[in-house]
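Okay, structure first, notes after.
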Amino acid sequence: MLTKIAIQTIKTKWKDLLILFAGLVISTAIFYMFSTVANNKAFLTANTSIKSIVVVFIIGEVLLGLITFVYLNFANRFLVQLRQREYGLLMMFGANKLSISRLLFMETFLLGLISLVLGSFLGAGLTAVAGSVLQKQLDLTLPHWQIFNSTGFIVTICYFIIVFSLNGFFNQLYINRTDINKLLQANQAAEKTPKTGAANFITGIIGIALLILSFVVMTQLVAKGTMIFMSLILAIGLNISGTYLFIRSSLTLVLNLLQSSSFANMGLRKFTLGQLSFRLRAFERILTIVTLLFALALGALTVGRGYELSTPTLAEQSSPFTININQPSKQDKQLISQLQGVTYTKTYQYKQLTHEIVWDAAQFNRDPLPYYKAENSTLTAGVPKIQFGTAQQINKPNSSEFLIRQTLQNLATATNPNHLSVGNTVDARKFAISTAPIKRVTIVHVKNMTAQPNAQILKKLTAAQTKRFPTLATLGVSGAYGFLVISKGVFGGLEFMGFFLAIAFLVMLASTLMFKVLSNVETDRRRYQILAMIGATPGQRMLANAVEIAIIFIVPLTIGIIDVVYGLPMFKAVMVNPYIGLTSSLLIIVSFYVLYYILTVVVYQRMLKKGDK
Amino acid sequence: MKNVIDVKNLNLTYNANSQKPFYALKDVNLQVTDGDFVAIMGPSGSGKSSLLNVLASLQAPTNGEVLIDDQNIWQLNANQLAKFRGQKLGFIFQEYNLIESLSVFDNIALPLSLAKAPTATIKAAVNHVATLLHLTEQLNKFPSELSGGQKQRVAAARALVHQPKLIFGDEPTGALDSANAREMMNYLSKINAEQHISILMVTHDGFSASFANKIHFLSDGQIVQTLERGNQSRETFYRAVLDFLGTFEE
Ligand SMILES: Nc1ncnc2c1ncn2[C@@H]1O[C@H](COP(=O)(O)OP(=O)(O)O)[C@@H](O)[C@H]1O
Ligand SMILES: [Mg+2]
């Protein structure tokens, strides 16, 4: 009998169960992904220069734990709703409460266990794919990268076993406390009537105040490094509670206002507003975590993009030439000729004496040496214009030209292991007199060193130089490209983590929101049939539905963007300009989000129609 | 007299292309004169809901003609059908079919909002039908805060508010206890008599049916008998219905 009913449930509700199951598996996978990185201390410390990175990730894990908890809790209630009618029927036929509640506990636990196993595999797969694709895309090789971390795995297992046990006990309690009649009326009263009145007004105001306060803490305390962990936790706490109250009450205030205005009287507007004020109450927790996930995804991507975009700029600022090739070989020359978007190529001759390097002055007059003017510019100012100086300027630079000496100094590094203690002389006569053999150095500047084929060619040139001049292995090949390689070693880890986490948070967001929205199809199907009866055209119904879902999507989008705008200053300690990656990240995430919205609406309307005659 | 409903040779077959087609309606012919109150009775599974759904343009027939207010409804496209329903028809179903996310007022107002009526007109019309159905105290509540009888009155008010030509009812008293059922039927009679709105109602319950002027009996998808109330009192007519059902079921 029990198995018969169980099979019947699976048969009739397999779609709901599938959505539920997919949601559980994805949340496990994301938790696994995050834990694998967060608990890989060797990876975190080796790839970032930030001391507190481990603590930041622990805070992150707690936050993700909270988010996942809300999600699992919701999934659990969904499961109970699916099953409780059957349980009510069983009890009516005489099954005792104890065995039923045990059965529900087992079901919850088993479902959790299966999703834990599948989710871990999916998580490892996602970690592997995202890890290798990103490292390849960003041209990084990160030491200590793992797709399985035993501590992370244990944390994942413990977390889910605890949460599913809690859910199981909660369900047991629920069945024991609820009488059969209530169980049988499973699908009713799932939605709460919206709140109005003074209490709601006050919580609405408090919600806005808490949100603003969280922004103040972020920009005034965390960003300035005041009691950084305490204020970070405070900011997160204020932000979460503020978002929750905002969605719960502040938005209801707006909806109430709209509903009582004459704006609402046209067509299906009132219906949509009514739906929303009911939905927001039912969605308050889920939309809060979706907002957090949106902000986390956008924030992570912005930081990752920030490093990706700013390292080439920093590198350009470091040197007026891209790469410097000493004693270029035939192959080197061949490679140089393949570079694209070349601004200039210059070759200079020098002679190496014991304590100095001598340059022919005439060649600098024929082909002046590039340098950057020393301005009191900050690093955020972008790349300065390249200047060119003659022998006269090299020998007697004025106050704004002194960096020209640095260019000269960097030219002969490769052939001269003691280059720092050696003087550089620019003198035509001295050069002519010396009997030392003539050496050559070529410098090249390209407009874009990160695009192909340039990146590939520069990599080969660097490898060839390093092979020929072993001192360069520690010094690095001078020029902007060499600087870029070093910065990638320093910032690449953070860049990678930004992108990696953005993917994880986005997947979690997608699964959460889709799951929640689709769980309403059953309730809505009837309502849309009623509308059809009353005379709403198919177009009007589709539009009402699309608008309703759009507004549910827009809420986390808006709050999430504001969160990020005010949250980014917190990264000032580790980034020159945290906002540099914002525009492109917004573009990426918002387009993803819009596509995702369209997909949700299409799926939703298909499911709505399925039930129609 | 003019006919508000004119059905000719109506057939409805479920699973027509399958191994076991099911003939739910067989050559049904039916006329309802303008302003009449007609009930269709029959046991469960006889095809009452199917017939009502086809007449109410909620479900397409396999073949046959359905004229509502001289309009062949199955020649209209989806948008025209929706508009037609919105203007000419009202519905009351067994499960109330109220929208839980709207207040009672907004539920009743919905057909008028859809028809883009001005706010003042909507208010007046809703208040008018709310008074008629004794719902003025309930207008600001949500459906979940109402009793079954009240919910069905709201459904009736919504069916009535835009002054349709015709109200369809599918077991409108099916979920009500006898006191509420009697009250509901009194309201429907009143609507029919005072607002001159035709009513076609299907029910398996003889008591509810006895409020109509005419009862068609449906069996296995065919109309097998028709009783007319004429000048009889409702009680006498009810007894006649019960007598007939006695012979009908044997
Ligand atoms: N969508 C459908 N597909 C197949 N058979 C149906 C469908 N809807 C109703 N039926 C069948 O048609 C018959 C008439 O149903 P219905 O009109 O609901 O009867 P009533 O309302 O008189 O109880 C029933 O035997 C029912 O099983
Ligand atoms: Mg029926």
Based only on Cα atoms, what mean projected area does the convex hull of the stretch A:465-540 have, in nm²? 9.6
Assuming R0 = 51 Å, can you tell me the calculated FRET efficiency for the pair B:Arg239 and A:Phe169, based on Cβ-Cβ distance, to the nearest 0.05? 0.25
DSSP-assigned coil residues among chymotrypsin sites (Phe, Trp or Tyr not before Pro) in the stretch A:326-403, each with at most 13 further Cβ atoms within 10 Å: A:Phe402
Return the aspartates and glutamates within reach of A:Lys182: Cα separation strictly under 14 angstrom, same-chain partners fewer than 8 residues apart disregarded; answer none if there are no such residues. A:Glu86
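Go ahead and estimate [θ] at 222 nm for chain A from helices alone: -39,500 (n - 2.57) per DSSP H run with n ≥ 4, summed, over the residue count, rounded to 500. Provide the component values of the computation, followed by the final result.
Working: 22 runs with 420 residues, N = 613.
Helix-only estimate at 222 nm: -23500 deg cm²/dmol.
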Give, in nm to one decimal, the length gained when the segment between A:Tyr579 and A:Leu66 is fully stretched (0.36 nm per residue of separation minus the Cα-Cα distance). 181.9 nm
Radius, Kirkwood style, for the stretch A:320-478 when every pair of distinct Cα atoms is counted (Å): 16.4
Compute accessible area for the stretch A:516-540 by itself and then with all protein chains, 1.4 Å probe, and report residues whose area falls by 10 Å² or more. A:Arg526, A:Arg527, A:Ile530, A:Leu531, A:Ala532, A:Met533, A:Ile534, A:Gly535, A:Ala536, A:Thr537, A:Pro538, A:Gln540
Would you mind checking which residues have amide H under 5 Å from A:Tyr344's amide H? H placed 1.01 Å from N; only 5 or more apart, or other chain. A:His445
In the stretch A:47-133, what chymotrypsin sites (Phe, Trp or Tyr not before Pro) fall in a loop by DSSP, with at most 14 other Cβ atoms inside 10 Å? A:Phe93
Distance check, please: which entries in A:Lys610/B:Lys83; A:Lys13/B:Lys141; A:Lys270/B:Lys151; A:Lys610/B:Lys2 exceed 30 angstrom between their Cα atoms? A:Lys13/B:Lys141; A:Lys610/B:Lys2
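Express the carbon and sulfur contribution to the solvent-accessible surface of chain B as a percent, rounded to the nearest whole number, probe 1.4 angstrom. Spell out each step's value before the answer.
Numbers: 4930 of 10680 Å².
Exposed carbon and sulfur together represent 46 percent of the surface.
For chain B, report the % of Cα-Cα distances exceeding 31 Å. All intermediate terms of the calculation are to be shown ahead of the outcome.
Working: 7264 of 31125 pairs.
Result: 23 percent of Cα pairs exceed 31 Å.
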Protein heavy-atom accessible area occluded, B/A pair - total, 1.4 Å probe, Å²: 2400
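Express in nm, to one decimal, how much length is gained between A:Arg525 and A:Ala463 on full extension, taking 0.36 nm for each residue of separation and deducting their alpha carbon distance.
Numbers: separation 62, 0.36 × 62 = 22.32 nm, distance 6.48 nm.
Going from the current span to full extension adds 15.8 nm.
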Can you give the convex hull volume of the alpha carbon atoms of the stretch B:131-250 per residue, in Å³? 125
Please give the per residue accessible area of the stretch B:4-50, computed with a probe of 1.4 Å over protein heavy atoms only, in Å². 46
Here the gain from full extension of A:Ile114 to A:Val54, 0.36 nm per residue of separation minus their alpha-carbon distance, amounts to 18.5 nm
Taking a probe of 1.4 Å and leaving out DNA, RNA and ligands, the stretch A:61-116 shows per residue an accessible area in Å² of 42
Mean shadow of the stretch A:262-374, computed from the convex hull of its alpha carbons, in nm²? 17.3
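Can you show me the helix-derived [θ] at 222 nm for chain B, built from DSSP H runs with n ≥ 4 at -39,500 (n - 2.57) apiece and divided by the number of residues, rounded to the nearest 500.
Working: 8 runs with 95 residues, N = 250.
Helix contribution divided over all residues of chain B: -12000 deg cm²/dmol.
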Residues of the stretch B:107-136 that become at least 30 Å² less accessible with every protein chain present than in their own chain isolated, using 1.4 Å: which are they? B:Leu110, B:Ser113, B:Leu114, B:Lys116, B:Thr119
Give the ranking of A:Ser591, A:Ser585 by solvent-accessible surface, highest area first, calculated with a 1.4 Å probe. A:Ser591, A:Ser585
Hey, rough spin-label estimate for A:Met106 and A:Gln331, points 7 angstrom out along Cα→Cβ, what's it come to in nanometres? 6.9
Point-to-point label distance, A:Arg366-A:Lys609, nm (Cα→Cβ direction, 7 Å offset): 7.6
With springs only between Cα atoms under 10 Å apart, run a GNM on chain B and tell me which of B:Asp220, B:Asp177, B:Asp205 wobbles the most. B:Asp177
Which pairs, out of A:Lys609/B:Lys8; A:Lys346/A:Lys385; A:Lys385/A:Lys439; A:Lys439/A:Lys467; A:Lys41/A:Lys488, put more than 21 Å between their alpha-carbon atoms? A:Lys609/B:Lys8; A:Lys385/A:Lys439
Taking a crude spin-label model, label points 7 Å out from Cα along the C-beta direction, the B:Asn231 to B:Thr121 distance in nm is 4.3
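What FRET efficiency comes out for the pair A:Phe229/A:Gln456, r = Cβ-Cβ distance, R0 = 41 Å, nearest 0.05? Can you show the working numbers first?
Details: r = 43 Å, r/R0 = 1.05.
That pair, A:Phe229 with A:Gln456, gives E of 0.45.
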Beyond 42 Å, how much of the Cα-Cα pair distribution for chain A remains, as a whole percent? 41
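Classify the stretch B:36-161 from the C-alpha gyration tensor, please: rounded if a/c falls under 1.5, else prolate or oblate depending on whether a/b exceeds b/c. Don't skip to the end; give the middle numbers.
Working: a/c = 2.31, a/b = 1.47, b/c = 1.57.
The shape class here is oblate.
For an R0 of 60 angstrom, estimate the FRET efficiency from the Cβ-Cβ distance between B:Lys83 and A:Ile202 and round to the nearest 0.05.
Numbers: r = 45 Å, r/R0 = 0.75.
Efficiency for this residue pair is about 0.85.
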Dipole axis of the protein assembly as shown (+1 Lys, Arg; -1 Asp, Glu on Cβ), positive-most option in A:Gly207, A:Gly125, B:Leu67: A:Gly125
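The values are calculated or read from the model by the stated rules, or taken from the named source; none is laboratory data. Keep in mind that what you see is a predicted model, and the values were worked out from it rather than measured. Methodologically, a virtual Cβ is constructed for each residue, glycine included, from the backbone with ideal geometry; neighbour enumeration extends over all protein chains shown. Heavy atoms of the whole protein, side chains included, go into the accessibility calculation; ligands, DNA and RNA do not. Shrake-Rupley method; radii C 1.70, N 1.55, O 1.52, S 1.80 Å.
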